[in-house]
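The values are calculated or read from the model by the stated rules, or taken from the named source; none is laboratory data. The model shown is predicted, which means the values in this text are computed figures rather than measured ones. Cβ coordinates were reconstructed from backbone atoms using ideal geometry, including for glycine residues, and neighbour counts include every protein chain displayed. Please note that ligands, DNA and RNA were not included when accessible areas were found on the heavy atoms of the full protein model with its side chains. Shrake-Rupley method; radii C 1.70, N 1.55, O 1.52, S 1.80 Å.
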Amino acid sequence: MSPTVDQYGLIGHPVAHSLSPFIHSLFARQTGQSMTYRLYDVEPENFRARVMELAAEGVRGLNVTVPHKVAAAQLCSELSARAQRAGAVNTLTFNEDGRITGDNTDGAGLIRDLRDNHGIALQGRHILIIGAGGAARGVLAPLLALAPARVVVANRTAEKAWALAADFADLGSVQGCGFEELTTPFDLVINATSASLSGQTPAVSPAVIGPGAVCYDMAYGKQDTPFMLWAKAHGCGTALQGWGMLVEQAAESFCIWRGVRPDTAPVLAALESR
Ligand code: NDP
C-alpha cells in the first residue's frame, strides 16, 4: 500500500550533512505540497537493490548524489535528453506504471544561478571549467547551448579533460587540457573540482583570471571557499560559491516531481543565514 504522504529523498554516500531536506521542506511549505524528504546513506554495492526497494515501498522520487550518479543513469527505463548527454542522473522519478525516469538538473541549476540570480551573460564569453568529474560533465551541454565564444575544460588529470571535451565537441567550441597549458585569461572561471572540500585550490595559473572575471566555485561553505579566496587575491571581479546552484538544481527536481516551480530567493536567503 502506498504511504499517505508522498515520499522523496536523497540517496548518496555520505549524505548526513546534506541540506536537501531543509531546502525541499521549505519548497513544500511555500507551495502547499504534502510530502516528506529523507536521507538514504547507501554504499555503492547496495545502490541498485535499495533503489528498487524504495520504489516498491512507494517512494515517489529520489535525488542522487556522489558516488551514485552514473549508476542511477544505468537503472533508468528512460533518460531525459540532458541526463543522456551527461551520462549521469541526479533526479529519479518512480512512475505508477513501474518505469523509472532519470534527469540531470545540475546544469540547469548552474545556469539559473549564473544568469538569473547573478545576471551574468554567457553568450560570446570565454569560459574555463576546472575539473572533469561528474559535475563538469553535467553542466557542459547547458553551457554550450548558450553560445559562449569557447569553453576550455582543464583537469589535474589531463586525459579526463580531453575525453570530456571530445564527448561534447559536436555542441560547440570546447577543448580539453591540463593545468600547465592554461596561460590566457577567461571571462568566467568555474571551479568544478572537489578541491575546496579538502581546503585546497586547483594548481592553476592566476593568469586565467581576466579583467573583471567572474570566478564561481560549485562548492560552498559558511565562509568564502579556498577557491574564492584565491580568486579574490588575484583580482577577480566577482567571486561566487555554489549555494545558488544547490538551491536551483533542487528547485528543478522539485518541479519535475510536483509540477510546480518554487520561488528560490527566500530559500536561498534562509540557507545563507543559517
Ligand atoms: P568528482 O569526484 O566527479 O570529480 C572531482 C574532480 O575534482 C576531478 O576532476 C578531480 O581531478 C578534481 N580534483 C579533486 N581534488 C583536486 C585537487 N586538489 N586539485 C585539482 N583537482 C582536484 O566530483 P563532482 O564532479 O561530482 O563534484 C565536484 C564539485 O562540485 C564538488 O565540490 C561538489 O560538491 C560540487 N557540486 C556542487 C553542486 C551544487 O549544487 N552546488 C552540484 C554538484 C557538484 P582528477 O580527475 O585529476 O582526480
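Under the shape rule built on the C-alpha gyration tensor, where the axes satisfy a ≥ b ≥ c, the stretch 1-117 is rounded, since a/c falls short of 1.5.
Summary of the geometry: the stretch 47-122 and the stretch 226-248, compared by the centres of their Cα atoms, lie 26 Å apart.
Solvent-accessible surface (1.4 Å probe) assigned to Tyr220 amounts to roughly 90 Å².
Placing unit charges on each Cβ (+1 for Lys and Arg, -1 for Asp and Glu) gives the chain a dipole about its Cα centre, and among Gly61, Gly107, Pro206 the Cα reaching farthest toward its positive end belongs to Pro206. The HN-Hα couplings worked out from phi for the stretch 139-145 by the Karplus form 6.51 cos²θ - 1.76 cosθ + 1.60 (θ = phi - 60°) are 9, 4, 5, x, 5, 5, 5 Hz, whole numbers, x standing for Gly and Pro. Average 1/r across all pairs of distinct alpha carbons in the chain, invert it, and you get the Kirkwood radius: 19.1 Å. With a cut-off of 15 Å, note down the residues of the stretch 234-274 whose backbone N falls inside the zone around a label point 7 Å from the Cα of His17 toward its beta carbon. So the set is 242-243. Taking a straight line from the alpha carbon of Lys222, these lysines sit under 25 Å away, with near neighbours fewer than eight places off in the same chain left out: Lys232. For a straight C-alpha distance cut-off of 23 angstrom, the lysines reachable from Lys160 (same-chain residues fewer than eight places away being disregarded) are Lys69.
Each Lys or Arg adds one and each Asp or Glu subtracts one; over the other residues with Cβ under 15 Å from the Cβ of Ala81, this totals -3.
Remark: the stretch 170-179, residue by residue, has Karplus-estimated 3J(HN,Hα) of 6, 9, x, 7, 9, 10, x, 7, x, 5 Hz, where x stands for each Gly or Pro and the curve is 6.51 cos²θ - 1.76 cosθ + 1.60 at θ = phi - 60°. When the surface is traced with a 1.4 Å probe over the full set of protein chains, Lys160 keeps roughly 110 Å² accessible.
Rg/Rh for the stretch 201-250 stands at 0.99; both radii use Cα atoms, and Rh follows the Kirkwood definition. Each 5 Å bin from 0 upward holds the following percent of the Cα-Cα pairs of the stretch 36-87: 4, 18, 31, 25, 17, 5, 0. How large is log10 I(q)/I(0) at q = 0.20, 0.21, 0.24 Å⁻¹ when the Debye formula is applied to the Cα atoms of the stretch 102-193, each weighted equally and without solvent? For the stretch 102-193 at q = 0.20, 0.21, 0.24 Å⁻¹, log10 I(q)/I(0) is -0.91, -1.00, -1.31.
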